[in-house]
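Peer 1: Let me begin by handing over the structure; questions about it come next.
What follows is calculated from the coordinates using simple rules that are stated; it is not laboratory data. This one's a predicted model, so the numbers in the text were calculated from it and none came from an experiment. Quick reminder, even Gly has a Cβ in these numbers, built from the backbone with ideal geometry, and neighbours come from all protein chains shown.
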Amino acid sequence: MPKDQNVAALNLDDYKYGFKDPDSYVFKSEKGLSRQIVEQISEMKEEPDWMRKFRLKGLEIYESKPVPKWGADLSGLNMDEIYFYVKPSEGEGRTWDEVPEDIKRTFDRLGIPEAEQKSLSGVGAQYESEMVYHRIKDDLAAQGVIFDSIEDGLKKHPDLFKRYFATVIPPHDNKYAALNSAVWSGGSFIYVPPGVEVDIPLQAYFRVNSENLGQFERTLIIADEGSKLHYIEGCTAPTYSTDSFHSGVIEIIVNRGANVRYTTIQNWSNNMYNLVTQRARVEEDARMAWLDGNLGSKITMKYPSCYLMGRGASGEIMSIAYAGPGQHQDAGGKMVHAAPHTTSEIISKSISKGAGRSTYRGLVQVQKGAHNASSNVECDALLLDENARTDTYPYIEIDENDASIGHEATVSKIGDEQLFYLMQRGLADDEARTMVVRGFIEPISKHLPLEYAVELNRLVELEMEGSVG
Amino acid sequence: MGDSLDMSETATTTDIGTAPTVRGEISPETVSAIVTARNEPDWMAARRQHAWDVYRETPMPTTKDEEWRYTDLSKIDWQELAMMDPSPPVGVDDRGHIPAEIQVALHLDDPSSAWSVDHNSTAIYQQIDEELTRQGVVFVDLAEAIANHPELLQKYFMTSAVTPEFGKLAALHGALVSGGRVLYVPAGVEIELPVNAFHWLDIERTALFPHTLVIAGPQSKVTYVEECASPAHAQEGLTMNCGVTEIIAEEGANVRYAIVQQWGRHVFHYQAVRVFAHKDAQIQTLLVTLGAGVARSDVETDLQAEGAHSEMLGIYLGDSEQHFDHYTYQLHQAPHAGSDLLYKGALKDRSRSVFRGMIRVMPGAQGTDAYQTNRNLILSEDAHADSLPNLEIEADDVRCSHGATIGQQDEQQIFYLMSRGLSRDDAEKLIVYGFFEEVLARVPVDWLHKRLTRVIERKLG
């Protein structure tokens with residue numbers, strides 16, 4: 001269909017992060033995965049023996065688990081073509097001047113140093129397999145907040161690291177968590193001491209530059225009692241004709257009374273397989289909020305989850321997905337209520353266009369003993385044309401009789417009456433449509449920091465340009 | 001009147017000969033033994049053989065299969081089940097000769113235009129309003145349909161609504177079908193009073209495969225009510241009831257179908273109900289699940305053409321350790337069709353329910369209106385409910401929604417009723433009635449509405 005091709009071409013052109021820089025690296029593993037590569041990674045990172053064994057165990061589990069039969073179609077993902085480890089530079093910069101010039105230029109183009117100045121408490125930047133920059137504002141460091149690359153976390157804070165690492169997402173959790181356990185590289189290690197409130201967000205930015213790269217960042221966040229943190233991750237990659245692969249593991253420990261918000265704006269190029277496991281363990285009276293924006297990638301399978309382990313814990317997942325032609329966003333979330341008086345809310349908004357497919361897949365589970373749990377789930381899907389597809393697969397498993405559980409989902413298109421009304425007010429057809437879409441995602445975008453809300457709206461506008469005519 | 005009955009049966013409506021006891025292995029010999037015992041023609045034997053082939057090629061679902069995640073078929077010890085009733089009951093030619101126990105359970109005063117009694121899947125009695133016969137309505141048991149209406153069966157029996165490929169158990173049903181009923185309503189014939197099919201099951205350690213085939217011709221109208229019951233006393237020895245209902249609604253037909261399942265607790269009940277709806281057909285199905293130890297139902301509506309509409313209703317009330325698993329499917333293949341599903345369940349004691357519903361809108365099915373609601377009321381601390389309302393939408397001009405809730409009784413409502421002088425027990429019961437009333441109010445048959453209210457009352461205790 002010529003119309004669709006136009007739309008697809010337009011979207012690719014509009015992907016403003018699709019630029020690529022010449023490959024430069026100090027080490028690149030061979031294609032494919034082997035025990036040797038896993039050992040090589042561990043050796044290059046000068047890891048303790050327990051971590052080397054942990055990686056090898058991860059590899060073993062990965063190889064023993066089948067590719068999941070549910071979810072998105074992963075048959076196009078060829079692991080033999082993937083480079084599992086690429087080290088772009090020696091060491092990590094504490095100022096941007098310490099970052100190799102060409103890599104710094106990339107992040108300049110992405111606007112990261114500028115954002116750091118203006119609106120962030122700290123920034124981490126990952127290029128290929130390694131963090132190339134990490135810095136946190138001095139006053140936070142003085143209060144004991146740790147914001148390091150995951151590798152430095154292991155080196156500099158071995159006890160804290162070992163106490164929590166892989167406790168929330170063990171390697172056998174799923175095939176790709178096992179893979180990450182074997183080949184993880186890069187990501188952040190964050191510790192917020194009791195009572196410390198980090199009011200301005202920390203951000204990590206992930207960039208994949210070379211072709212056929214596998215990026216396996218691993219992030220461990222520990223928010224100690226009564227602390228507060230907002231962490232933002234963003235991701236982009238150049239557009240290649242071959243596929244790349246991103247499989248992160250993000251573990252968060254939200255201790256008693258702490259409050260953590262984790263925001264993802266995933267805008268990978270449309271050749272990325274994005275299979276991410278992110279999970280928070282939420283203790284008594286603590287609160288965890290995920291905001292998960294999936295706009296890019298070829299295939300995403302990602303279900304942020306909250307394990308509400310302590311009395312009065314609460315969890316929130318706001319998920320927004322945009323699936324254009326050739327994209328499948330299989331996203332959603334999991335809420336596991338394992339303690340009394342826990343509450344959770346999931347709001348999911350998805351938009352499908354062209355042959356794009358967006359899927360909500362979610363679980364709400366109330367375990368035995370989790371008295372007076374309450375959970376509410378709302379999923380709304382907007383279909384922009386007749387080739388678009390949307391699916392909703394919620395799982396609700398309740399083992400207590402005093403739980404209050406609700407789930408609602410709707411599927412709709414942009415209504416003719418809505419358009420008519422707006423056009424009567426003088427808006428052009430495409431402006432009117434964009435406004436309806438913006439209104440549709442507003443319940444979620446309003447929870448974003450202003451810059452990100454603006455960015456999200458801009459992305460939606462760009463995507464919408466191709467949708468009329 | 002039951003006690004005064006002469007129990008020596010005088011005649012048989014269907015003689016299926018001496019059946020061998022086929023216990024243990026399900027094999028091709030089982031199929032041929034059934035064909036021989038029932039003296040079936042070659043075309044029927046071929047049908048069974050085909051279903052058998054499908055059965056053999058289809059793997060037995062396990063809890064690793066998404067659709068069977070919550071119900072474990074491996075708990076059925078097929079070795080322990082006879083694959084047909086070794087000594088089937090004999091038919092009677094006078095309603096007074098229907099066995100006393102069944103007479104008591106039957107409600108013969110309910111207004112009907114035709115009714116029948118099947119005992120352990122064997123037809124023992126049937127009656128039809130002569131006027132309907134004159135209008136060309138056919139209401140016969142399966143054996144008679146095979147003998148006298150082969151053209152109907154060849155065209156419709158497991159060919160469009162439920163084929164053996166539907167699943168492992170449907171295939172087994174097709175191979176071993178043990179009896180059943182066929183109703184054919186010619187074009188334009190409207191049957192005002194319901195057709196009642198009564199099923200009595202008191203057998204143990206046996207697998208039964210009853211079939212229901214309803215063919216509603218263009219612009220016809222009919223209500224078909226199936227009631228399934230067992231003796232009140234406890235029975236042991238797992239029995240499998242593997243039933244299939246096929247409803248074919250031709251253009252503009254109006255079909256209402258209800259099945260009220262109150263088997264004994266020794267029964268593992270599987271029921272597939274599938275509606276094949278042509279243009280402008282109006283369908284209502286109602287599934288009432290009260291009995292059996294484990295009950296799994298697959299209820300599907302296949303909306304083939306424009307203007308078809310399907311209302312899908314369900315009620316389940318579990319107690320003790322009952323396990324109910326409902327799978328529903330609203331398949332929109334054509335534009336401008338509608339479906340509206342409402343399943344409500346209440347769970348007592350340690351009972352458990354699963355609701356899994358799917359609305360699937362195929363590409364091109366524009367103008368679809370599809371709704372799905374599942375509500376669960378948990379009445380005890382140890383009861384458990386799962387709800388999985390799914391949507392798969394491939395057309396954009398649709399109005400689709402689903403909703404699911406799981407919750408307990410509202411303390412404020414209970415308090416209000418108690419302040420009006422009701423005991424806590426009565427207040428709770430009243431709330432459960434109110435909860436089910438939303439579904440019952442949509443049941444068009446007055447006596448069925450009343451009956452269900454009584455049955456629910458009894459089960460609430």
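Peer 1: How many nm is it between the label spots at A:ARG52 and A:ASN78, if each spot is 7 Å from the Cα in line with the beta carbon?
Peer 2: 3.4
Peer 1: Is the C-alpha gyration tensor of segment B:2-305 telling us rounded, prolate or oblate? Criteria: a/c under 1.5 is rounded; beyond that, a/b larger than b/c is prolate, otherwise oblate.
Peer 2: Rounded shape, in that the Cα axes give a/c under 1.5.
Peer 1: On average over all directions, what projected area in square nanometres does the protein assembly as shown have, based on the convex hull of its Cα atoms?
Peer 2: Taking a quarter of the hull surface, the average projection is 42.3 nm².
Peer 1: Between B:SER320 and A:SER64, what is the label-to-label distance in nm when each label sits 7 Å out along the Cα-to-Cβ direction?
Peer 2: Result for the modelled spin labels: 4.1 nm.
Peer 1: Which length gain, in nm to one decimal place, applies between B:LYS155 and B:ASP94 when the Cα-Cα distance is subtracted from 0.36 nm times their residue separation?
Peer 2: 18.7 nm
Peer 1: GluC sites (Glu not before Pro), restricted to segment A:20-97: which are DSSP loop and have at most 14 other Cβ atoms within 10 Å?
Peer 2: Passing sites in segment A:20-97 are A:GLU30, A:GLU46, A:GLU90.
Peer 1: When Lys and Arg each count +1 and Asp and Glu each count -1, what net charge do the other residues less than 11 Å away from B:LEU342, Cβ to Cβ, add up to?
Peer 2: Once positives and negatives cancel, what remains is 0.
Peer 1: Write out the trypsin sites (Lys or Arg not before Pro) in segment A:14-54 meeting two conditions: DSSP loop, and at most 13 other Cβ atoms within 10 Å of their Cβ.
Peer 2: A:LYS16
Peer 1: With an 8 Å cut-off on Cα pairs and a minimum separation of 6 or more residues, tell me the relative contact order of segment B:259-298 in percent.
Peer 2: This gives 65 percent for segment B:259-298.
Peer 1: Assuming a viscosity of 0.890 mPa s and a temperature of 25 °C, what translational diffusion coefficient in µm² per second does Stokes-Einstein assign to segment A:416-469, Rh being the Kirkwood radius over Cα pairs?
Peer 2: 210
Peer 1: Over the whole of B:374-385, what's the average partner chain Cβ count within 10 Å per residue? Rounded to a whole number, please.
Peer 2: 4
Peer 1: Under 26 Å from the Cα of A:LYS155, which lysines turn up, not counting those fewer than eight places away in the same chain?
Peer 2: Correct list for A:LYS155: A:LYS28, A:LYS45, A:LYS53, A:LYS57, A:LYS87, A:LYS104, A:LYS137, A:LYS228.
Peer 1: Can you tell me the length gained on complete extension of the stretch B:ALA232 to B:MET362, counting 0.36 nm per residue apart and subtracting the Cα distance?
Peer 2: Fully extending the segment from B:ALA232 to B:MET362 adds 42.2 nm.
Peer 1: Right, here's the next one. Just the number, please: percent antiparallel of the DSSP beta bridges in segment A:18-415, rounded to the nearest 5.
Peer 2: 10
Peer 1: As a test of the formula, what do you get for chain B when each DSSP H run with n ≥ 4 contributes -39,500 (n - 2.57) and the sum is divided by the residue count, at 222 nm and rounded to the nearest 500 deg cm²/dmol?
Peer 2: -6500 deg cm²/dmol
Peer 1: 5 Å is the cut-off here: which amide hydrogens, built 1.01 Å from N in the peptide plane, fall below it relative to B:LEU208, excluding neighbours closer than 5 in sequence?
Peer 2: B:MET240, B:ASN241, B:CYS242
Peer 1: Also: If contacts are Cα pairs under 8 angstrom and at least 6 residues apart, what is the relative contact order of chain A in percent?
Peer 2: 10 percent.
Peer 1: Now a separate question. Plugging the Kirkwood radius over Cα pairs into Stokes-Einstein for segment B:277-362, at a temperature of 4 °C and a viscosity of 1.567 mPa s, what D comes out in µm²/s?
Peer 2: My calculation gives 96 µm²/s for D.
Peer 1: Could you pull the Cα extents of chain A along its three principal axes, largest to smallest, in whole Å?
Peer 2: For chain A, the Cα extents along the three principal axes come out at 66, 57, 47 Å.
Peer 1: Okay, next question. In vacuo Debye scattering of segment A:136-222, one point per C-alpha: log10 I(q)/I(0) at q = 0.26 Å⁻¹?
Peer 2: -1.36
Peer 1: So what's the gap between the Cα centers of segment A:261-322 and segment A:58-96, to the nearest angstrom?
Peer 2: Segment A:261-322 and segment A:58-96 have Cα centres spaced 19 Å from each other.
Peer 1: 222 nm [θ] for chain A, helices only, -39500 (n - 2.57) per DSSP H run of 4+, per residue, to 500?
Peer 2: That calculation yields -8000 deg cm²/dmol at 222 nm.
Peer 1: Under the rule that an exposed site lies in a DSSP loop and has at most 14 other Cβ atoms within 10 Å, name the longest stretch of chain A with no chymotrypsin sites (Phe, Trp or Tyr not before Pro) of that kind, not counting the sites themselves.
Peer 2: In short, A:71-469.
Peer 1: Still on this structure, please answer the following. Let me know the longest stretch in chain B that avoids all GluC sites (Glu not before Pro) found in a DSSP loop with at most 12 other C-beta atoms within 10 Å.
Peer 2: Between the exposed loop sites, the longest stretch runs B:237-461.
Peer 1: Please rank B:LEU391, B:LEU440, B:LEU81, fewest neighbouring Cβ atoms within 10 Å first, as an exposure proxy.
Peer 2: Ordered by Cβ neighbours within 10 Å, fewest first: B:LEU440, B:LEU81, B:LEU391.
Peer 1: Normalising by the residue count of segment A:416-469, find the relative contact order in percent from Cα pairs under 8 Å and 6+ residues apart.
Peer 2: Once normalised by length, the contact order is 38 percent.
Peer 1: Moving on to the next point. For B:ASP42 and B:SER419 in one chain, what is 0.36 nm times their gap in residues minus the Cα-Cα distance, to one decimal in nm?
Peer 2: Gain on extension, B:ASP42 to B:SER419, equals 128.8 nm.
Peer 1: Which value, to two decimals, describes the C-alpha radius of gyration of segment B:316-438 once divided by 2.2 N^0.38 Å?
Peer 2: 1.28
Peer 1: Where does each of A:LEU295, B:LEU303 land when they are ranked from fewest to most other beta-carbon atoms within 10 angstrom?
Peer 2: So the ranking, lowest neighbour count to highest, is A:LEU295, B:LEU303.
Peer 1: Compute from the Cα atoms of segment A:89-186 the Rg and the Dmax, the latter being the longest Cα-Cα distance, and quote both in angstrom.
Peer 2: Using the Cα atoms of segment A:89-186, the pair Rg, Dmax is 15.2, 41 Å.
Peer 1: Counting DSSP beta bridges with both partners in the protein assembly as shown, what percentage is antiparallel, nearest 5?
Peer 2: Around 10 percent antiparallel, to the nearest 5.
Peer 1: Further question: Evaluate E = 1/(1 + (r/R0)^6) for B:ASP65 and A:ASP430, where r is the Cβ-Cβ distance and R0 equals 45 Å; express this FRET efficiency to the nearest 0.05.
Peer 2: That pair, B:ASP65 with A:ASP430, gives E of 0.50.
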